[in-house]
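J.: Mind looking over this structure? Questions follow.
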Amino acid sequence: MVGSSHLRGRHATEDRDGVFCLRSREVYGVSAVRVVALAVVGVTVLATFSWAQDLKPGDLLPDCAKIPLLSLGAGSGYGGTAGSPAPSLERLLRADGVTIVHFCSPRAARGTPFGSFLHEELSALAKAAHGAPYPCAVVPVVPLGDKGREDTQALLEAAETRPWGDVTIYWEPTYPRPGLYRTFRPGTSAYDGGGLTTSWTYLIGPDRAIVAVREPGAQPQLYDWLQQNLPERVVPVARTPSSGLSVPSDPRAWPAFRRTPRREATAEQLPDTLGYAYLAWRAGIGRTFASPAVFQERVYAMGDHQGLRVISLADGTELGSFSPGGSWWTSPTVAGEYVYVISSTGTVVALHALKLETRWQQDLRGLITSSPTVSGGALYVGSRNGAVYALDAATGDRLWEFQTGGEISSSPAVVGSLVLIGSGDRNLYALDAATGQFRWAAATGGAVDSSPTVAGEDVYVGAFDGCLYRVGLADGAIAWRCKLGGWVHSSPALDETHVFVGTVDIRRDEVPTFSWVDRESGQIRGQFQMPDAVYSSPTIWGDVVVVGCRDGRVYAFDRARAQTQPVWTYRTRGYVHASPVVIGDTLLVASYDGQLYALRQAKPIHVWKGEDVVPRWFMAALVKQLHVQTADLIAEAAAGEVGAEQRLTGWDALFRQIKEQVASPGQRPKVLPRDVPAEHPGAPFVEYVLTAGLLGGYPDGTFSPSAPTTLYQFSSALASVLEWVTRPDYCWRVLKERNLGDVQVEVRAEPVAGRAPVALANVPEQHWAKQALEFQASNALLLVDEQGLFRGERTVTVRDAGAQWDLITQSVKVVRVQ
């Protein structure tokens with residue numbers, strides 16, 4: 001132990017007589033110890049000390065990780081706040097700049113008003129730090145010595161007005177625990193505060209070397225001294241993250257905004273799915289402009305006053321919540337066992353992804369509208385204060401900070417050793433991922449709120465000059481710029497041939513657009529005039545590109561540009577500024593109406609199973625088959641013997657017939673609602689029921705063919721057709737149209753044997769379907785649950801459709817009576 005530059009006695013501390021005793025303490029700053037004797041088995045012996053000199057310029061700062069610092073409002077005790085360790089100087093040191101450690105006293109100096117001296121000191125520190133051309137951390141520390149009670153009272157009273165403004169001030173008891181003050185001045189005795197003086201100022205460089213020391217009472221004044229002694233420039237030292245955490249590359253996950261650190265928002269279409277989507281579920285999350293993150297079938301979504309909500313991807317049920325303070329700008333990010341969220345006040349919080357327990361938090365002190373990403377153990381994010389931050393993803397410690405000249409809303413992309421991010425100062429920046437050092441900047445003609453997308457050796461980004469840019473990853477050289485008009489706030493999505501992006505109209509003569517831009521030449525290959533601004537960033541989903549719009553709709557465009565009209569749209573009740581997220585066959589989009597919508601891709605009928613949801617077009621198919629089969633049975637009965645009964649086809653045969661008609665649709669439909677393309681598998685059935693007057697669409701001229709069917713819709717549609725075909729005038733019309741002579745045929749819908757009529761007690765009296773359902777209920781044809789109740793809001797499955805058709809086949813018979 002002799003000659004050690006930094007002694008850590010695990011069970012030793014100095015008592016008031018300078019004797020080593022066996023206790024659970026640690027001694028810091030001891031550089032030389034002369035052992036005289038030890039205490040062994042009841043034998044009392046003494047050890048005397050030779051204390052080291054105080055830290056001076058050129059010395060390296062000892063490890064301070066286990067010396068806790070308390071800040072006002074940080075909680076009580078040395079354990080820090082719940083879920084976060086007590087801060088230490090190690091967590092405050094700048095590896096990319098200078099750390100100013102200033103030991104001070106809150107008591108008024110002789111002849112000065114209460115608190116004014118402290119105010120002047122902290123103002124000088126803050127002013128000098130802000131004026132430095134590199135990051136400066138200000139760490140004022142109040143060591144409590146022989147007048148600890150007086151110091152504590154003065155500090156608490158001063159805290160009521162916080163005369164130092166936004167600077168965080170730390171404090172530590174100097175006796176009996178060896179503290180930070182004694183690390184810098186190890187020759188100071190702990191007993192009775194002997195030798196405890198203020199104010200001492202230390203400048204610490206990025207390599208932990210002491211740059212300069214200012215003693216109490218030294219001249220010039222503190223601010224002038226700082227101006228003279230702060231280095232003109234510093235060389236950042238790379239701080240290695242404590243883990244290798246990165247957002248997962250699992251194709252079944254969407255762990256961050258734009259999915260990957262390169263911000264590649266692309267998802268493959270699953271096999272055996274169609275290019276149409278229906279609403280599977282929706283869940284309340286609070287108003288938001290942020291996209292959700294998805295990992296292991298759990299959806300993490302941020303809302304305004306709601307905070308973080310965790311939702312089941314399968315059915316939209318809530319699994320948990322956490323409120324870090326309202327936030328509707330930034331998307332959550334998942335990496336390893338952590339989910340990272342950012343409050344509206346700029347506090348980054350790392351939570352256990354399953355338990356939602358706080359692991360650490362870091363206050364970046366400012367509004368953040370940038371969404372973080374995690375790569376190589378570091379979390380990267382931008383701030384509206386113009387700074388780009390790199391934090392240790394496992395501990396929250398700051399790794400580096402880079403200051404731009406404008407507000408940052410752009411979300412960083414990470415590729416290799418580069419961090420790419422846009423700024424309000426009209427530049428796209430490339431920074432060293434390890435140190436934060438400037439690599440290059442590409443100048444645009446407007447603020448860069450768009451988030452860069454990396455593809456190969458190029459970076460694509462939009463700007464508020466209305467242009468889309470392609471920039472070389474190696475040197476920032478601009479390969480081309482494409483003038484689109486308005487603002488390009490949207491972040492681009494790319495495939496092999498096109499760049500997809502939307503615009504915001506900012507003048508009356510401008511029109512917001514969605515554009516297909518040639519990836520190689522930068523030429524516009526196609527455009528669609530949007531009804532409102534596009535702040536949302538597009539996502540590629542198989543053969544379509546999906547994007548939100550301020551008009552409240554989600555638009556799906558043909559990726560190959562076979563048409564510029566939307567393939568399909570879905571309407572929410574609020575702005576859709578958030579970007580769509582895709583997992584498997586499900587698209588998630590958050591709306592400013594406070595809802596998270598899950599749109600699910602439809603499946604082709606040949607892969608349907610019993611638990612699959614029945615779309616509205618299949619309801620039209622059953623209605624058509626009931627109508628056509630009944631007419632055919634009337635004709636068969638007319639040609640048969642009196643009294644002979646004719647029955648409808650069973651479910652298995654019927655389902656097979658519909659599949660065959662879908663596979664071979666025949667003549668192309670012409671009379672269709674505006675949201676039913678002619679190539680839609682249900683188009684022939686929809687055309688039939690509309691032209692025959694059997695069913696109608698919605699008042700806005702749509703049919704929503706791929707939307708799930710509720711039991712209300714399904715049962716009332718079949719009931720209406722049953723009532724139609726059982727009327728005598730219908731039989732007479734069929735007989736006349738087919739020239740079947742003077743015969744009499746009846747279509748009868750009789751109560752199903754062994755089933756009691758269904759009570760509609762839980763259906764509101766004024767419900768739109770009540771009258772149609774009464775016909776079904778009287779004949780015991782309604783599907784009910786285990787309690788015998790009709791649940792009209794329930795979604796109909798293929799199994800339900802089969803059970804309903806079987807009831808109809810038992811009820812309906814066609815008979816020649818004369």
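J.: Just one of Val349, Val294, Val310 is in a strand (DSSP E or B) and either in contact (Cβ under 8 Å) with a residue 60 or more places away in the chain or more than 16 Å from the chain's Cα centre (by Cα) (or both); which is it?
T.: Being in a strand (DSSP E or B) and either in contact (Cβ under 8 Å) with a residue 60 or more places away in the chain or more than 16 Å from the chain's Cα centre (by Cα) (or both) holds for just one of Val349, Val294, Val310, which is Val294.
J.: List the helices (runs of 4 or more DSSP H) that sit entirely inside the range 647-750 and contain at least 3 residues that are under 15 Å from Val814 (Cα atoms).
T.: Correct list: 711-725, 728-737.
J.: Also: How many of the residues in the range 637-653 are surrounded by 15 or more Cβ atoms within 10 Å (Cβ to Cβ) and either modelled with pLDDT of 95 or more or farther than 14 Å from Gln818 by Cβ (or both)?
T.: 4
For (1) buried (at least 20 other Cβ atoms within 10 Å of the Cβ); (2) farther than 20 Å from Asp250 by Cα, each residue gets a yes or a no:
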{"site": "Leu351", "(1), (2)": "yes, yes"}
{"site": "Leu356", "(1), (2)": "no, yes"}
{"site": "Ser375", "(1), (2)": "yes, no"}
{"site": "Ser383", "(1), (2)": "yes, yes"}
{"site": "Gln403", "(1), (2)": "no, yes"}
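J.: Next up: What's the number of the only condition in (1) in contact (Cβ under 8 Å) with a residue 24 or more places away in the chain; (2) out of contact with any strand residue (DSSP E or B) (no Cβ under 6 Å at 6 or more places or on another chain); (3) not aliphatic (A, V, I, L, M) that Glu746 fails to meet?
T.: (2)
J.: Oh, and also: Name the residue, out of Leu319, Leu313, that is open to solvent by less than 30 Å² (accessible area, probe 1.4 Å) and of a type in the set (A, V, I, L, M).
T.: The unique qualifying residue is Leu313.
J.: Report yes if some residue within the range 227-239 is part of a loop (DSSP other than H, G, I, E, B), at pLDDT below 90, of a type in the set (Lys, Arg) and under 30 Å from Thr373 (Cβ atoms); otherwise report no.
T.: yes
J.: Can you find even one residue in the range 607-626 that is within 25 Å of the chain's Cα centre (by Cα) and closer than 28 Å to Arg282 by Cα?
T.: no
J.: Select, from Leu690, Leu740, the only residue that is at pLDDT below 90 and surrounded by fewer than 20 Cβ atoms within 10 Å (Cβ to Cβ).
T.: Leu740
J.: Go over the candidates Val517, Val511, Val545, Val499 one by one and state the one that is hydrophobic (A, V, I, L, M, F, W, C), farther than 16 Å from Ala267 by Cα and either open to solvent by less than 10 Å² (accessible area, probe 1.4 Å) or touching a Gly at 6+ places or on another chain (Cβ under 6 Å) (or both).
T.: Val517
J.: In the range 274-291, how many are assigned to a loop (DSSP other than H, G, I, E, B), out of contact with any Pro (no Cβ under 7 Å at 6 or more places or on another chain) and not small (Gly, Ala, Ser)?
T.: The number of residues fulfilling the criteria is 5.
J.: Starting from residues that are modelled with pLDDT under 70 and in contact with a helix residue (DSSP H, G or I) (Cβ under 9 Å, 6 or more places away or on another chain), keep the ones in the range 114-131 and report whichever is least open to solvent (accessible area, probe 1.4 Å).
T.: Once the filter is applied, the top-ranked residue is Gly115.
J.: Of the conditions (1) open to solvent by less than 30 Å² (accessible area, probe 1.4 Å); (2) under 24 Å from Gly187 (Cα atoms); (3) at pLDDT 75 or above, Cys136 clears all except one; give me its number.
T.: In the conditions (1) open to solvent by less than 30 Å² (accessible area, probe 1.4 Å); (2) under 24 Å from Gly187 (Cα atoms); (3) at pLDDT 75 or above, Cys136 misses (2) alone.
The values are calculated or read from the model by the stated rules, or taken from the named source; none is laboratory data. Just so you know, these numbers come straight off a predicted model, no measurement behind them. Positions of Cβ are generated from backbone atoms using ideal geometry, with glycine treated the same way; all protein chains shown enter the neighbour counts. Areas reflect the complete protein model, heavy atoms only, side chains present, ligands, DNA and RNA absent. Shrake-Rupley method; radii C 1.70, N 1.55, O 1.52, S 1.80 Å.
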